[in-house]
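Trainee: First, the structure itself, so that you have it in front of you.
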Amino acid sequence: MKLSPPCNLSVYLSKDIRAIETAVKAHAPKPSLMQRAGLAAANLASQLIHINEPILIFAGPGDNGGDAFEMAIHLSQRGYLVQIYRLNEETQYSHDAALSLGGATNSAITWIVSHEDLEQALQSTSLIVDGLFGIGLNRAIIGRAAELVNLINQTSQRRSIPVLSLDIPSGLNADTGNIFTHTGASANSITTTIRATHTITFIANKPGLFTAKGRDFAGKIILETLNIDADSFPRTSLYLNANDNVTGLLHRRNHDSNKGSFGDVSIIGGADGMCGAAILSARGALMSGAGKVHVGFCTEQTRSSMEIDPQYPEIMCRHANDIEFAKSVIAIGPGLAHSPTAKKLLARALNESPCLVIDADAINLIAQDIQLQHQVLKRREKNFSTILTPHPLEAARLLNTDTANIQRDRLEAISELTDKFQTIVILKGSGSLISDGQTTFINTSGNPALATGGTGDVLTGVCAALLAQGLAPIDAARLACFVHGAAADALVDAGTGPIGLNASELMPAIRRQLNQISRG
Ligand SMILES: NC(=O)C1=CN([C@@H]2O[C@H](COP(=O)(O)OP(=O)(O)OC[C@H]3O[C@@H](n4cnc5c(N)ncnc54)[C@H](O)[C@@H]3O)[C@@H](O)[C@H]2O)[C@@H](O)CC1
Ligand SMILES: [K+]
């Protein structure tokens, strides 16, 4: 993969961003990063609202507030009616922020002090700017700051006006995408965060904007690298998974092809009463271009529980025992259940299948059985490819913890999973993570329409089909996640969802995405 930082898909933790800031301050101090950030934010605001419209800017006690002052200076020079509300006026500003405050004080800006004036400004403003806290936030927002956050959120919702967050929505953890939480005397947890319509993020993308709660609070994300020289960016092992870096993973097909050119996929699962999950995976594989697709049903009888998939007779139905595990890409788990037969089939797949996707009940069986875990590890020694696709609860089972602990820091969780199992892992959820243990990608497509039964089974089928078409396992996992999410996005844009979108409707849309990408 040709990706080297800085590019608009690179992602950095806040400690790395601090290091970049330090390097820039040493080598290219002028204009200051705060001045550059303020100018970039003013340019964006100018696109969001018309000249002469009022803007209400909230400035916090740190350098995020400094960015806000710089922005205010530019906007007032351009003729906007700028009003600023400062949190914590006795604060000890940094050198840069104090300079910016000085500049703002000498500009034609209205400083709001009283509660009445603030109420009035909230009623009349066309844009709210959140410069309260950035990557320096280190605890939950409480007290007056929390009141302001709630006022901002309520006003923007009631009046349908945009909220532009500077760097990151105040309250969001830039590294994890979680909201800082405070447990008060009543033991009730307080979580307070700005719900932005736009976030202009400075220097580099932060993971917290794209995973966990980030996508719900950041709105549209605009990256401003502030003209920082490429040499100031360290190497990163964290990237976004987006259209720009998945295009090209799936090649245009040669005319001189046959069904053998695109590989065989066999889905192992569909125990009695759970055929649907395996069928959805098989259809997902078929619609994603696999040459031949089998389902091996894991039933207690010797015969397959279904003779045929009536809607897609192309899918060949067998008993799982009749599948040749070494000869096709195997996806095991959807509807597999926990029977002794299921366990035997999983042990066989781990031992024999060079290319394996492990999902659902197969993950749960592995979580409960140390012997199966050893078998997963042995696959690496044999140079076999393996993709594990847990959702947060399955991930928690694999790591002997609970879902909250997985979601607390999803990047840390996926790193533990790749370390423990030495496989490629897709940690599903908002901002799915994909990692091979060396490089981690945060998926940027998808929406809540995917939060319905069966979509995970489809994803498994898509992964398997892409492996069967010869993609490297990490590329298959990345492309599968991207098209799965992009298909849901396209359907929602067309009005099919988010409410009521189902897994079956997703598959034709995935097929369209794959065809677009292979042409692109
Ligand atoms: N350092 C730099 O060179 C640059 C910084 N920039 C901006 O500066 C931001 C980081 O600035 P800072 O490190 O000053 O941090 P912040 O502006 O995020 O705020 C931290 C300040 O708030 C206080 N604080 C933290 N949590 C609090 C809470 N829950 N309630 C009340 N007070 C709390 C801290 O004690 C500190 O004074 C970035 O996000 C970005 O917006 C940009 O100007 C680009 C350059
Ligand atoms: K902010």
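The values are calculated or read from the model by the stated rules, or taken from the named source; none is laboratory data. Every value quoted in this text rests on a predicted model; they were computed, and no experiment measured them. Cβ sites come from the backbone with ideal geometry, for glycine too, and all protein chains shown count toward neighbours. All accessible areas refer to the heavy atoms of the entire protein, side chains included, with ligands and DNA or RNA removed. Shrake-Rupley method; radii C 1.70, N 1.55, O 1.52, S 1.80 Å.
Trainee: Could you tell me whether any residue of segment 54-63 is under 28 Å from D231 (Cβ atoms), open to solvent by 20 Å² or more (accessible area, probe 1.4 Å) and not assigned by TED's automatic domain parsing to the domain that holds F441?
Mentor: Scanning segment 54-63 turns up at least one residue that is under 28 Å from D231 (Cβ atoms), open to solvent by 20 Å² or more (accessible area, probe 1.4 Å) and not assigned by TED's automatic domain parsing to the domain that holds F441.
Trainee: Quick check on segment 128-176: of everything there that is of a type in the set (S, T, Y) and closer than 17 Å to A212 by Cβ, which residue is nearest to ligand 1 (Cβ to nearest atom)?
Mentor: Here the answer is S170.
Trainee: Could you list, in sequence order, the residues of segment 325-366 that are small (G, A, S) and either within 24 Å of A503 (Cβ to Cβ) or outside the structural domain of G273 (by TED's automatic domain parsing) (or both)?
Mentor: S328, A331, G333, G335, A337, A342, A349, A360, A362
Trainee: Another one. Can you find a residue that is within 16 Å of ligand 1 (Cβ to nearest atom), among the polar types (S, T, N, Q) and within 31 Å of the chain's Cα centre (by Cα) anywhere in segment 54-65?
Mentor: yes
Trainee: Here is a further query. How many residues does segment 50-79 contain that are under 19 Å from I200 (Cα atoms) and modelled with pLDDT under 95?
Mentor: 1
Trainee: Hey, another quick one. Anything in segment 84-108 that is open to solvent by 30 Å² or more (accessible area, probe 1.4 Å) and touching a strand residue (DSSP E or B) at 6+ places or on another chain (Cβ under 7 Å)? List them, or say none.
Mentor: Answer for segment 84-108, where residues must be open to solvent by 30 Å² or more (accessible area, probe 1.4 Å) and touching a strand residue (DSSP E or B) at 6+ places or on another chain (Cβ under 7 Å): just R86.
Trainee: Select from segment 260-299 the residues that are more than 15 Å from L506 (Cα to Cα) and hydroxyl-bearing (S, T, Y) and write down the one among them that is surrounded by the most Cβ atoms within 10 Å (Cβ to Cβ).
Mentor: S266
Trainee: Output the residue which, of all residues in segment 367-388 that are free of Cβ contacts under 8 Å to residues at least 40 places away in the same chain and within 22 Å of L467 (Cα to Cα), is least open to solvent (accessible area, probe 1.4 Å).
Mentor: Taking the candidates together, the pick is L388.
Trainee: Filter segment 479-516 down to residues that are in contact with a helix residue (DSSP H, G or I) (Cβ under 7 Å, 6 or more places away or on another chain) and in a loop (DSSP other than H, G, I, E, B) and give me whichever is modelled with the lowest pLDDT.
Mentor: The extreme case among them is G497.
Trainee: Here's a check for you: in segment 192-248, which residue that is at positive phi and open to solvent by 20 Å² or more (accessible area, probe 1.4 Å) is farthest from ligand 2 (Cβ to nearest atom)?
Mentor: G248
Trainee: Still on this structure, I have one more. Within segment 93-127, count every residue that is more than 16 Å from ligand 1 (Cβ to nearest atom) and touching a Phe, Trp or Tyr at 6+ places or on another chain (Cβ under 7 Å).
Mentor: 2
Trainee: For segment 245-347, which strands (runs of 3 or more DSSP E) that fit wholly inside it have 1 or more residues that are within 32 Å of the chain's Cα centre (by Cα) and of a type in the set (D, E)?
Mentor: Passing ranges, in order: 264-269.
Trainee: Hey, any hits in segment 11-21 for a residue that's modelled with pLDDT under 95, surrounded by fewer than 20 Cβ atoms within 10 Å (Cβ to Cβ) and touching a helix residue (DSSP H, G or I) at 6+ places or on another chain (Cβ under 8 Å)?
Mentor: Yes.
Trainee: Sticking with this one: On the basis of being under 33 Å from the mean Cα position of the chain (by Cα) and without any contact (Cβ under 8 Å) to a residue 40 or more places away in the chain, does I161 make the cut?
Mentor: yes
Trainee: Of (1) in contact with a Phe, Trp or Tyr (Cβ under 9 Å, 6 or more places away or on another chain); (2) exposed (fewer than 15 other Cβ atoms within 10 Å of the Cβ), M34 satisfies all except one. Which?
Mentor: Unmet for M34, out of (1) in contact with a Phe, Trp or Tyr (Cβ under 9 Å, 6 or more places away or on another chain); (2) exposed (fewer than 15 other Cβ atoms within 10 Å of the Cβ): (2).
Trainee: Tell me yes or no: at least one residue of segment 461-469 is farther than 26 Å from S261 by Cβ, under 19 Å from the mean Cα position of the chain (by Cα) and assigned by TED's automatic domain parsing to the domain that holds K327.
Mentor: no
Trainee: So if I check each of I442, I426, I434, I387, which one is more than 22 Å from A349 (Cβ to Cβ) and outside any loop (DSSP other than H, G, I, E, B)?
Mentor: From the options I442, I426, I434, I387, the qualifying one is I442.
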